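Peer 1: This is the structure, below, for whatever I ask next.
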Amino acid sequence: MPCLLLKRFKSRRTTLPPESDGARDTTAPSATHHDRAWYIKPMFDFWQSLLAALERIAMLPSLIHSVFPRLPSRKRTRDAVRTYERTMDDLLREIQRLLEAPLTPAELMHMSGRLQEQFAPKLQASDICMLPSYNDKLPTGLERGTYLALDVGGSTFRVAVVELTGKQTNTKSMRIVTMKSYKIDNSVRHLKGTAFFDWMAEKIEAAIADPQVKKITGLKTFPMGLAWSFPVEQTSIRSGNLLPMGKGFRATEGTLGQDLSELIMAPCRKRNLPVHMDSIINDSSATLLSRAYEDPSTRFAVILGTGFNISVHLPVSALATSKYKGYPQKWLDEASHVLVNTELSMFGKNIFPTTRWDDQLNETHVRPDFQPFEHMISGRYLGEVVRLIIVEAVRTAGLFSGEMPEQLTELYSLDTGTLAAMELDGSKSLTNAATLFQEKHPLSKPPTYNDINFIRQVSQLVSHRAAAFLAAGIHSLWDLRIASEGLTPATAGYMAIGCNGSVIEKYPLFRELCQSHLDELTTASGAEPKSIALEVAVESAIFGAAVAVCCLES
């Protein structure tokens, strides 16, 4: 990791004191204080143990309680003088050692090589990862046109009219003329079968009825591109069989396996809407295409928010011919390259070193080992790893003076966005971070500066590890690409990567840390410095859906 950024990252953390001699707390302010604590704690523990023993005796429980009134459990835990298995500093040293040890260039390079070994059989045969699409062309950036772009996600359906204007001086090459966003709440998720697609057609009709859209002349019908953030078995560039959507959606009831394009177009035709479906792509391919329209050196796209995926542009020959079963002969004759949905989240088992907290997360997951890479780096899981560490710190090292916030005992109750906001508090007192944590996870007494500082340092360590592991994953695919293109690291040249998602876009220093590790790995491989650049792709699903259509017209 470049020295400047490494120093910048480490300067955000409090320097830990040297390890204590034995169990003695070397941070005690004076010998007098230490000597007093030596007998107060054992005496207090003795009386607590005696009280507990008496309470277990059936005789005279009311008398015992009248003599020793019971404190509320949470307050008693917080106010009592307790001893713990270790100090907070000792625990933080262990966490730092476990999370940072695998992040050396040599270790990350080894992980990259191991990932490539896992890729090999999946490039030959797999129906769940390393999936070729029907998109074989990248945009030149000169294409022009007006398109209707649809983006269907887990919580939102967006309809936009997009103008692509090509490369013009002092003018944006992609412009959203108008966009409507519709919330997908439970009432929409529970629409059965064709009712969901009727709802989509209704919203498409409302969007194109906008006066701004009607001002656009010269279009009898809108070419339409769809970014579909759910599984689909594509059968052509503009069609695909509907697969289970998950996340509570009931749209597949009675429609499973039917053509997604026709399911959308049928209700559109009933409404006489001037639209026709020209392209269906997933969100990672949309990100790659949208970024490639503005930067022709783009060959990868990273989606890293709640979930994780990478799309790559590879030679057709990089995948076995069996992967193209059912493809038209014309496509096979003409295509030299193809956009590949790697589903990289599914790789990494027995490659990435795990800690006891990672193992706990996996053991309690509804699908253990299904997406090991995603468990290490995505927004869905970063907060959960930190939560598991906090729970251990409360119980064994006295975080929050031993008081467990009730909400934090629930799985996935610590949101990664909360951690990101806490890291953004650069004040000396960390007041904003403390206020936010108390608001989200109330304690009987507000958390101290040391409590909040511990959480921030753990968050930084967990997110740094995630950024480094992502760099190893990108490097492994970069190696795969240059080998399949017949290139070497020295001759591969510059490559851009489109990035989309809350973690890689917004988590403090995440993209910068990932970039620094990438620079190390590619340079160590023999490439020119800064051969790969991580670039944010703004509104990538919307723009990518439009670009996918324009590529068909070029």
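The values are calculated or read from the model by the stated rules, or taken from the named source; none is laboratory data. Everything quoted here is computed from the prediction, not taken from an experiment. Note: ideal-geometry Cβ built from the backbone for every residue, glycine included; neighbour counts use all protein chains shown. Each accessible area value is taken on the protein alone, full model and side chains, heavy atoms only, with ligands, DNA and RNA left out. Shrake-Rupley method; radii C 1.70, N 1.55, O 1.52, S 1.80 Å.
Peer 1: Count, please, the residues in the range 149-162 that happen to be open to solvent by 10 Å² or more (accessible area, probe 1.4 Å) and in a strand (DSSP E or B).
Peer 2: Summing the residues that are open to solvent by 10 Å² or more (accessible area, probe 1.4 Å) and in a strand (DSSP E or B) in the range 149-162 gives 3.
Peer 1: Assess whether residue 179 counts as being outside any loop (DSSP other than H, G, I, E, B) and closer than 22 Å to residue 232 by Cα.
Peer 2: So residue 179 does not fit the description; no.
Peer 1: Any chance the range 433-442 includes a residue that's open to solvent by 20 Å² or more (accessible area, probe 1.4 Å), touching a strand residue (DSSP E or B) at 6+ places or on another chain (Cβ under 9 Å) and modelled with pLDDT of 95 or more?
Peer 2: No, because not a single residue in the range 433-442 is open to solvent by 20 Å² or more (accessible area, probe 1.4 Å), touching a strand residue (DSSP E or B) at 6+ places or on another chain (Cβ under 9 Å) and modelled with pLDDT of 95 or more.
Peer 1: Would you please list the contacts, defined by Cβ atoms under 7 Å and residues six or more apart or on different chains, that run from a residue in the range 231-248 that is in a loop (DSSP other than H, G, I, E, B) to a residue that is modelled with pLDDT under 90 and aromatic (Phe, Trp, Tyr)?
Peer 2: So the pair list comes out as 245/230.
Peer 1: For the range 243-258, give me each residue that is farther than 21 Å from residue 185 by Cβ and crowded, with 20+ Cβ neighbours inside 10 Å.
Peer 2: Result: no residue meets the conditions.
Peer 1: Criterion first (surrounded by fewer than 17 Cβ atoms within 10 Å (Cβ to Cβ) and either under 25 Å from the mean Cα position of the chain (by Cα) or small (Gly, Ala, Ser) (or both)) does residue 233 satisfy it?
Peer 2: Yes: the conditions hold for residue 233.
Peer 1: I would also like to ask the following. Output the residues belonging to the range 282-315 that are out of contact with any strand residue (DSSP E or B) (no Cβ under 9 Å at 6 or more places or on another chain) and aromatic (Phe, Trp, Tyr).
Peer 2: Matches in the range 282-315: none.
Peer 1: Here's something else I'd like to know. Could you count how many residues in the range 493-513 are closer than 23 Å to residue 104 by Cβ, outside any loop (DSSP other than H, G, I, E, B) and either open to solvent by 10 Å² or more (accessible area, probe 1.4 Å) or of a type in the set (Asp, Glu) (or both)?
Peer 2: Adding up the residues that qualify gives 2.
Peer 1: Now, a different point. Can you pull out every residue in the range 477-492 that is of a type outside the set (D, E, K, R) and open to solvent by less than 40 Å² (accessible area, probe 1.4 Å)?
Peer 2: Those that are of a type outside the set (D, E, K, R) and open to solvent by less than 40 Å² (accessible area, probe 1.4 Å): 477, 478, 480, 482, 484, 489, 492.
Peer 1: Within the range 95-122, can you find the residues that are among the hydrophobic types (A, V, I, L, M, F, W, C), open to solvent by 10 Å² or more (accessible area, probe 1.4 Å) and out of contact with any Ser or Thr (no Cβ under 6 Å at 6 or more places or on another chain)?
Peer 2: 101, 103, 106, 109, 120
Peer 1: Given the criteria open to solvent by 50 Å² or more (accessible area, probe 1.4 Å) and in contact with a His (Cβ under 9 Å, 6 or more places away or on another chain), does residue 194 qualify?
Peer 2: In short, no.
Peer 1: Report the residue count in the range 392-410 for those that are at pLDDT 95 or above and over 18 Å from residue 448 (Cβ atoms).
Peer 2: So the count comes out to 2.
Peer 1: Contact list please: Cβ distance under 8 Å, first residue in the range 514-538 and without any contact (Cβ under 8 Å) to a residue 60 or more places away in the chain and in a loop (DSSP other than H, G, I, E, B), second residue crowded, with 19+ Cβ neighbours inside 10 Å and of a type in the set (Gly, Ala, Ser), pairs at least six apart or on different chains.
Peer 2: If the second residue must be crowded, with 19+ Cβ neighbours inside 10 Å and of a type in the set (Gly, Ala, Ser), the pairs left are 527/492; 531/492.
Peer 1: If a residue has to be under 18 Å from residue 251 (Cβ atoms) and either touching a Pro at 6+ places or on another chain (Cβ under 8 Å) or not aromatic (Phe, Trp, Tyr) (or both) to count, how many in the range 175-208 make the cut?
Peer 2: Total meeting the criteria: 20.
Peer 1: Only one residue in 423, 410, 403, 384 is of a type outside the set (Phe, Trp, Tyr) and open to solvent by 20 Å² or more (accessible area, probe 1.4 Å), so which one is that?
Peer 2: 410 is the lone residue from the list that is of a type outside the set (Phe, Trp, Tyr) and open to solvent by 20 Å² or more (accessible area, probe 1.4 Å).
Peer 1: Residues that are farther than 24 Å from residue 352 by Cβ: which helices (runs of 4 or more DSSP H) entirely in the range 366-480 hold 1 or more of them?
Peer 2: 379-397, 416-423, 431-440
Peer 1: Please go through the range 400-452 and give me each residue that is touching an Asp or Glu at 6+ places or on another chain (Cβ under 6 Å) and without any contact (Cβ under 8 Å) to a residue 60 or more places away in the chain, ordered by number.
Peer 2: If the condition is that a residue be touching an Asp or Glu at 6+ places or on another chain (Cβ under 6 Å) and without any contact (Cβ under 8 Å) to a residue 60 or more places away in the chain, then 412, 432, 433 are the ones that fit.
Peer 1: For residue 146, state whether it is open to solvent by 30 Å² or more (accessible area, probe 1.4 Å) and either closer than 22 Å to residue 306 by Cβ or touching an Asp or Glu at 6+ places or on another chain (Cβ under 7 Å) (or both).
Peer 2: So residue 146 does not fit the description; no.
Peer 1: Output the number of the condition that residue 220 fails; it satisfies all remaining conditions of (1) within 28 Å of the chain's Cα centre (by Cα); (2) exposed (fewer than 14 other Cβ atoms within 10 Å of the Cβ); (3) not in a helix (DSSP H, G or I).
Peer 2: Here residue 220 clears every test but (1).
Peer 1: Can I ask one more? Cβ-Cβ below 6 Å, separation at least six or inter-chain, first residue in the range 258-274 and touching a residue at least 40 places away in the same chain (Cβ under 8 Å), second open to solvent by 30 Å² or more (accessible area, probe 1.4 Å): which pairs?
Peer 2: So the pair list comes out as 267/198; 271/205; 273/205; 274/221.
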